[in-house]
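The values are calculated or read from the model by the stated rules, or taken from the named source; none is laboratory data. Please read these numbers as outputs of a predicted model, since none were measured by experiment. Ideal geometry is used to build each Cβ from the backbone, glycine not excepted, and the neighbour counts take in all protein chains shown.
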């Protein structure tokens, strides 16, 4: 029982709420409307054109990113995705062979701590990229950088609708001082991406013999003591 409890306690657990703002892309800040906007419009943001901000996010690539309303109907009469969280999600566009979209947000994190970044990813209607989507996630803090790419892999057989939950774990090096950290999501030339529900939390691994871990590991002894007194 002690071993089982210790094993469970070594699993990272979230200790804070979302450290990023507007993770579900709900604010409808002014933007350039798509020509095919309907009851669930598509709003376009281009860097360095104005506006280039989506709530707390900045459009930082050299191509547009689009705020998509649930059920958007495009020019090819394809109905796009239902949002994973809320009523909107983000399409990070690209244009072969020169351009790729990106968004970023800067947040103050603490050096020496572990963090977990999660987000939802999906694919496209059949008209786009055979349904497949791709996104590159990068976290930078000074000289520190960690990056990972995620391919949606046609999660719904070339159609839009299903979402995959993605995870990127990282630990900021250095002293326990606040560090300016930038989180970036980018498409690549030839591969746009769709994301929603971005969440960043600090995680902790309780050490055996201390704090909660020590208390839980002592439960068998407490139980035996109580049984003796009752008996």
Selection within the stretch 85-113 - under 14 Å from residue 26 (Cβ atoms) and surrounded by fewer than 20 Cβ atoms within 10 Å (Cβ to Cβ): 85, 86, 87
If you check residue 149 against the conditions, is it within 21 Å of residue 43 (Cβ to Cβ), out of contact with any helix residue (DSSP H, G or I) (no Cβ under 9 Å at 6 or more places or on another chain), in a strand (DSSP E or B) and modelled with pLDDT of 85 or more? no
Strands (runs of 3 or more DSSP E) wholly inside the stretch 1-79 containing at least 2 residues that are at pLDDT 55 or above, under 21 Å from the mean Cα position of the chain (by Cα) and over 25 Å from residue 115 (Cβ atoms): 42-45, 65-69
Please identify the pairs in which a residue from the stretch 118-144 that is over 19 Å from residue 101 (Cβ atoms) has its Cβ atom under 6 Å from the Cβ atom of a residue that is at pLDDT 80 or above and assigned to a strand (DSSP E or B), counting only partners at least 6 apart or on another chain. 118/167; 118/199; 141/181
Taking the stretch 114-124 as the region of interest, how many residues are touching a strand residue (DSSP E or B) at 6+ places or on another chain (Cβ under 6 Å) and buried (at least 18 other Cβ atoms within 10 Å of the Cβ)? 6
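Given 118, 138, 122, 167, which one is closer than 20 Å to residue 67 by Cα, modelled with pLDDT of 95 or more and within 19 Å of the chain's Cα centre (by Cα)?
On the way: 138 fails: closer than 20 Å to residue 67 by Cα; 122 fails: modelled with pLDDT of 95 or more; 167 fails: closer than 20 Å to residue 67 by Cα.
After applying the criteria, what remains is 118.
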Just name the residue that is farthest from residue 62 (Cα to Cα) out of those in the stretch 80-107 that are part of a strand (DSSP E or B) and out of contact with any strand residue (DSSP E or B) (no Cβ under 9 Å at 6 or more places or on another chain). 95
